[in-house]
1. Mind checking which residues of the stretch 22-62 are over 14 Å from Ile5 (Cα atoms) and among the hydrophobic types (A, V, I, L, M, F, W, C)?
2. Identify the residue in the stretch 1-46 that is of a type in the set (Phe, Trp, Tyr) and within 22 Å of Gln59 (Cβ to Cβ) and, among all such residues, is surrounded by the fewest Cβ atoms within 10 Å (Cβ to Cβ).
3. For the stretch 1-36, give me each residue that is outside any helix (DSSP H, G or I) and among the small types (Gly, Ala, Ser).
4. In this structure, does Asp44 turn out to be touching a Lys or Arg at 6+ places or on another chain (Cβ under 7 Å) and among the charged types (D, E, K, R)?
5. If a residue has to be within 14 Å of the chain's Cα centre (by Cα) and in a helix (DSSP H, G or I) to count, how many in the stretch 37-60 make the cut?
6. Inside the stretch 47-62, can you point out the residues that are open to solvent by 80 Å² or more (accessible area, probe 1.4 Å) and either touching a residue at least 12 places away in the same chain (Cβ under 8 Å) or polar (S, T, N, Q) (or both)?
Amino acid sequence: MTLNIDKSKLTIMGVQFDSQKDFKGVWYALSTNMIEGWEPEKHDVEEMKQCNVKKDKEQLHG
């Protein structure tokens, strides 16, 4: 399986990212887990994106 990634638009499987940092973080997490045999779906990308956004907000305000 390969991920549908567009670096110029910051999208993974059609999920738009607002920052390069979040895009690369989710891309890395997905790819390393795919080595183990996991096949992510779009909802997995969306969930990982939300986790990163929440973590970033907590670090800013916490």
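The values are calculated or read from the model by the stated rules, or taken from the named source; none is laboratory data. Model, not experiment: these values are computed from the prediction. Ideal geometry is used to build each Cβ from the backbone, glycine not excepted, and the neighbour counts take in all protein chains shown. Just the protein is used for accessible areas: all its heavy atoms, side chains included, with ligands, DNA and RNA removed. Shrake-Rupley method; radii C 1.70, N 1.55, O 1.52, S 1.80 Å.
1. Scanning the stretch 22-62 gives Met34, Ile35, Trp38, Met48, Cys51, Val53, Leu60.
2. By that ranking, first place goes to Tyr28.
3. Selection gives Ser8, Gly14, Ser19.
4. no
5. Number satisfying all stated conditions: 15.
6. Correct list: Gln50, Gln59.
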